[in-house]
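S.K.: Have a look at this one.
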Amino acid sequence: MRAAAHVLAELEREIVVPGAGLDRLRLTPVPFVPEVRLHLAEDAIVWWARMEASVGRRLPPPYWASVWAGGQALARHLLDHPELAAGRRVLDLAAGSGLVAVAAALAGADRVEANDIDPYAVAAVTFNARANRVRVTTSGADLLDSVPAGVDLLVAGDVFYDRGMARRVLPFLHRAAAAGTDVLVGDPGRGHLPAHRLAVVADYPVPTTEPCVGSPVRRVQVLRAR
């Protein structure tokens with residue numbers, strides 16, 4: 001609890017101190033989901049380097065400081081189809097910035113939990129939920145060896161980013177689906193998702209915000225675990 005409070009205070013200082021430039025966080029609308037505003041870095045790598053120098057220790061990569069294609073597609077899908085989340089208990093796995101969690105809350109979810117093992121992501125979700133005037137609880141536990149309980153809808157954006165993560169995430173998602181949870185995944189086709197084990201429910205052209213992607217738009221699928 002003490003460590004979590006320390007991280008929360010560190011990130012709050014980053015948010016409230018005025019300033020501009022590549023190494024700052026700023027509250028900005030999400031390109032494909034302008035109903036939601038997030039505290040994002042102009043350049044996450046530059047922010048990361050400055051933050052490590054400032055705190056004097058190594059920090060996990062700030063994936064939460066960028067907005068990713070899979071999460072944008074999932075958030076858009078929930079806002080366009082609010083019946084998927086309305087009145088339900090929602091878990092946002094590997095939540096990062098909390099974009100999908102915030103979208104679920106805006107769509108009328110009864111309860112939303114955002115889970116991420118990065119304490120800075122957990123802190124970022126807290127501030128992003130506050131900025132959008134929604135209620136989202138947070139968790140920093142590694143859930144992937146468990147079976148989620150008390151969850152009606154599980155959402156996971158951009159979780160198939162490498163082979164190792166895919167091998168851990170997929171069994172968890174299928175255990176959730178087998179337990180009766182509705183499971184939706186947002187994926188921009190990075191190549192580690194076994195498409196034959198999920199059913200496509202939507203396809204979106206999402207503006208590219210990720211580094212090292214040549215096209216200004218990525219095709220992103222929303223899929224349901226069978």
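The values are calculated or read from the model by the stated rules, or taken from the named source; none is laboratory data. Every value quoted in this text rests on a predicted model; they were computed, and no experiment measured them. As a convention, Cβ positions derive from the backbone with ideal geometry for all residues, glycine included, and neighbour counts pool all protein chains shown. For the accessible areas, the whole protein counts, side chains as well, though only heavy atoms, and no ligand, DNA or RNA atoms are used. Shrake-Rupley method; radii C 1.70, N 1.55, O 1.52, S 1.80 Å.
S.K.: Take the residues in the stretch 34-60 that are among the hydrophobic types (A, V, I, L, M, F, W, C) and more than 16 Å from ALA124 (Cβ to Cβ); name whichever of them is surrounded by the fewest Cβ atoms within 10 Å (Cβ to Cβ).
M.R.: ALA53
S.K.: Between a residue in the stretch 190-202 that is at pLDDT 85 or above and any residue that is in a loop (DSSP other than H, G, I, E, B), which pairs come within a Cβ distance under 9 Å, given they are 6 or more apart or on different chains?
M.R.: Note: pairs meeting the criteria are HIS192/PHE160; HIS192/TYR161; HIS192/ASP162; LEU198/ARG226; ALA199/ARG226; ALA202/HIS81.
S.K.: Among the candidates ALA141, ALA156, ALA131, single out the residue that is open to solvent by 10 Å² or more (accessible area, probe 1.4 Å), out of contact with any helix residue (DSSP H, G or I) (no Cβ under 6 Å at 6 or more places or on another chain), modelled with pLDDT of 95 or more and closer than 20 Å to GLN72 by Cα.
M.R.: Working: ALA141 fails: closer than 20 Å to GLN72 by Cα; ALA156 fails: open to solvent by 10 Å² or more (accessible area, probe 1.4 Å).
After applying the criteria, what remains is ALA131.
S.K.: Any residue that is open to solvent by 50 Å² or more (accessible area, probe 1.4 Å) and within 27 Å of PHE32 (Cα to Cα) - is there at least one of those in the stretch 169-185?
M.R.: No, the conditions are met nowhere in the stretch 169-185.
S.K.: Also: Restricting the search to the stretch 94-123, which residues are in a helix (DSSP H, G or I) and either more than 28 Å from ARG58 (Cβ to Cβ) or in contact (Cβ under 8 Å) with a residue 60 or more places away in the chain (or both)?
M.R.: Passing the criteria: LEU99, VAL100, VAL102, ALA103, ALA104, ALA105, LEU106, PRO119, TYR120, VAL122, ALA123.
S.K.: Right, something else. I'd like to know if the stretch 73-84 contains one or more residues that are without any contact (Cβ under 8 Å) to a residue 40 or more places away in the chain and either exposed (fewer than 14 other Cβ atoms within 10 Å of the Cβ) or farther than 16 Å from ALA103 by Cα (or both).
M.R.: There is at least one residue in the stretch 73-84 that is without any contact (Cβ under 8 Å) to a residue 40 or more places away in the chain and either exposed (fewer than 14 other Cβ atoms within 10 Å of the Cβ) or farther than 16 Å from ALA103 by Cα (or both).
S.K.: Looking only at the stretch 24-33, count every residue that is under 18 Å from ALA53 (Cβ atoms) and surrounded by 20 or more Cβ atoms within 10 Å (Cβ to Cβ) and tell me the total.
M.R.: 1
S.K.: Just for the stretch 16-50: of the residues that are under 23 Å from ALA75 (Cα atoms) and either aromatic (Phe, Trp, Tyr) or assigned to a helix (DSSP H, G or I) (or both), which one is modelled with the lowest pLDDT?
M.R.: Once the filter is applied, the top-ranked residue is ALA44.
S.K.: Still on this model: If you scan the stretch 4-20, which residues turn out to be open to solvent by less than 70 Å² (accessible area, probe 1.4 Å), touching a residue at least 24 places away in the same chain (Cβ under 8 Å) and more than 30 Å from TYR204 (Cβ to Cβ)?
M.R.: Passing the criteria: ALA4, VAL7, LEU8, GLU10, GLU14.
S.K.: Still on this structure, I have one more. Looking only at the stretch 95-114, count every residue that is within 20 Å of PHE172 (Cβ to Cβ), open to solvent by less than 40 Å² (accessible area, probe 1.4 Å) and not β-branched (Val, Ile, Thr) and tell me the total.
M.R.: Of the residues in that region, 6 qualify.
S.K.: Here is a follow-up. Being surrounded by 12 or more Cβ atoms within 10 Å (Cβ to Cβ), among the aliphatic types (A, V, I, L, M), over 20 Å from HIS77 (Cα atoms) and out of contact with any Lys or Arg (no Cβ under 8 Å at 6 or more places or on another chain) is the requirement here; does ALA202 meet it? Quick ask: steps written out before the conclusion?
M.R.: Details: surrounded by 12 or more Cβ atoms within 10 Å (Cβ to Cβ): yes; among the aliphatic types (A, V, I, L, M): yes; over 20 Å from HIS77 (Cα atoms): no; out of contact with any Lys or Arg (no Cβ under 8 Å at 6 or more places or on another chain): yes.
Judged against the criteria, ALA202 is not a match.
S.K.: Among the residues of the stretch 63-70, is any assigned to a helix (DSSP H, G or I), within 23 Å of ASP23 (Cβ to Cβ), open to solvent by less than 10 Å² (accessible area, probe 1.4 Å) and not aliphatic (A, V, I, L, M)?
M.R.: The answer is yes, given that some residue of the stretch 63-70 is assigned to a helix (DSSP H, G or I), within 23 Å of ASP23 (Cβ to Cβ), open to solvent by less than 10 Å² (accessible area, probe 1.4 Å) and not aliphatic (A, V, I, L, M).
S.K.: Does the stretch 71-91 hold any residues that are assigned to a helix (DSSP H, G or I) and not hydrophobic (A, V, I, L, M, F, W, C), and which are they?
M.R.: GLY71, GLN72, ARG76, HIS77, ASP80, PRO82, GLU83
S.K.: Further question: Filter the stretch 144-153 down to the residues that are open to solvent by less than 60 Å² (accessible area, probe 1.4 Å) and over 15 Å from the mean Cα position of the chain (by Cα) and list them by number. Outline the logic, then answer.
M.R.: Just the residues of the stretch 144-153 that are open to solvent by less than 60 Å² (accessible area, probe 1.4 Å), to begin with: 144, 146, 148, 150-153.
Residues satisfying the conditions are LEU144, SER146, PRO148, GLY150, VAL151, ASP152.
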